[in-house]
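First up is the structure itself, then whatever we jot down about it.
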Amino acid sequence: MWLALEAMLVLNSVSCLIVLVSNAADVSNAGASFGSSFVYLFTISAGSFFLWYRPIYNAYMKDSSMFFYLFFVFNGFHILFDAYMAVGVPGAGSAGIIVMLQCISSGKKAAAAFCGISFALWVLHFVVSLFMYIKVRRHYRLRGHTFSEAKQQAYLGFAQSGAGQAAAGAYIRSNTGTFV
């Protein structure tokens, strides 16, 4: 799933480059779209790995409610990002349906074809991501996890960390008059 996202980001960037090179008259901000799509190659790749792929792996391996909730929050944003990319707002780094229609009206068939492929893959990724979200949510419910359990795990993880212990020590010292 994550590698499919990487392949789509590369194809989206190539599609935006083709739109830029084709010089379609009706496409506004083709340069900004290519620049944004190139930035997405790095930011979305790293963000998606650390914010939804890794948390779901940890959730299943450690059976941790906190990691399930991290996945739900960030994968929810990712699903919205897939929908946004499928729409293809000009200048936003996407070669979606709006850009495809602009290329068709300009008579740029190759650029329109690449945008059509990008659009279809973004929609497919949206559907698969939504299906995965629902499937993980069902598993989460069957295991009996709760939000209060996730909060408890987060508090416990913070309390056991070095930063949490330092903060607790500083709080204790401030109440005894030896705050540094």
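The values are calculated or read from the model by the stated rules, or taken from the named source; none is laboratory data. Quantities reported herein were computed from a predicted structural model and do not represent experimental measurements. Positions of Cβ are backbone-derived with ideal geometry, glycine not excepted, and every protein chain shown enters the neighbour counts. Just the protein is used for accessible areas: all its heavy atoms, side chains included, with ligands, DNA and RNA removed. Shrake-Rupley method; radii C 1.70, N 1.55, O 1.52, S 1.80 Å.
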(request) Quickly work out the residue 49-to-residue 80 label distance, labels modelled 7 Å from Cα along the C-beta direction, and quote it in nm with one decimal. (result) 2.5 nm
(message) Report the gain in length on full extension from residue 127 to residue 28: 0.36 nm times residue separation, minus Cα-Cα distance, nm rounded to one decimal.
(response) 32.8 nm
(request) Could you go through the range 121-137 in sequence order and give the Karplus-derived ³J(HN,Hα) for each residue, using 6.51 cos²θ - 1.76 cosθ + 1.60 with θ = phi - 60°, rounded to whole Hz, and x for Gly and Pro? (result) 5, 5, 5, 4, 5, 4, 5, 5, 5, 5, 4, 5, 4, 5, 5, 5, 4
(request) Please name whichever of 111, 142, 86 sits farthest to the positive end of the charge dipole of the chain, dipole taken about the Cα centre and charges placed at Cβ: Lys and Arg +1, Asp and Glu -1. (result) 142
(request) Over the chain, give the accessible area per residue in Å² for a 1.4 Å probe, as an integer. (result) 56 Å²
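Contact order normalised by length for the chain, with contacts defined as Cα pairs under 8 Å and 6 or more residues apart; what percent is it?
Worked out over the chain, it gives 24 percent.
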(message) Keeping all protein chains in the complex and leaving out DNA, RNA and ligands, what accessible area do you get for residue 69 with a 1.4 Å probe, in Å² to the nearest 10?
(response) 50 Å²
(message) Given R₀ = 41 Å, what would the calculated FRET efficiency be for residue 109 paired with residue 63, taking r from the Cβ atoms and rounding to 0.05?
(response) 0.20
(request) Could you tell me which label, among [x] -0.35; [y] -0.25; [z] -0.38, carries the value of log10 I(q)/I(0) by the Debye sum over Cα atoms at q = 0.08 Å⁻¹ calculated for this structure? (result) [z]
(message) Taking the Cα centre as origin and putting +1 on Lys and Arg beta-carbons and -1 on Asp and Glu beta-carbons, what dipole magnitude results for the range 112-176, to the nearest 20 debye?
(response) 220 debye
(request) With the full set of protein chains in place, find how many percent of the accessible area of the range 81-180 is carbon and sulfur; take the probe as 1.4 Å. (result) 70 percent
(request) Taking 7 Å along the Cα-to-C-beta vector as the label spot, tell me the residue 42-residue 160 distance in nanometres, rounded to one decimal. (result) 3.5 nm
(message) Output the 0 to 90 degree angle, nearest 10, between the alpha-carbon long axis of helix 65-87 and the longest principal axis computed from the alpha carbons of the chain.
(response) 20 degrees
(request) Multiply the residue separation of residue 89 and residue 14 by 0.36 nm, subtract the distance between their alpha-carbon atoms, and state the gained length in nm to one decimal. (result) 25.4 nm
(request) Using θ = phi - 60° and the Karplus relation 6.51 cos²θ - 1.76 cosθ + 1.60, list the HN-Hα couplings for the range 5-17 in order, rounded to whole Hz, with x at every Gly or Pro. (result) 4, 4, 5, 5, 5, 5, 4, 4, 5, 5, 4, 5, 5
(message) To the nearest 20 Debye, how big is the dipole of the chain about its Cα centre, given +1 on the beta carbon of each Lys and Arg and -1 on that of each Asp and Glu?
(response) 460 debye
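Mean residue ellipticity at 222 nm from the helices of the chain, using -39,500 (n - 2.57) per DSSP H segment of n ≥ 4 over the full residue count, to the nearest 500 deg cm²/dmol?
-27000 deg cm²/dmol
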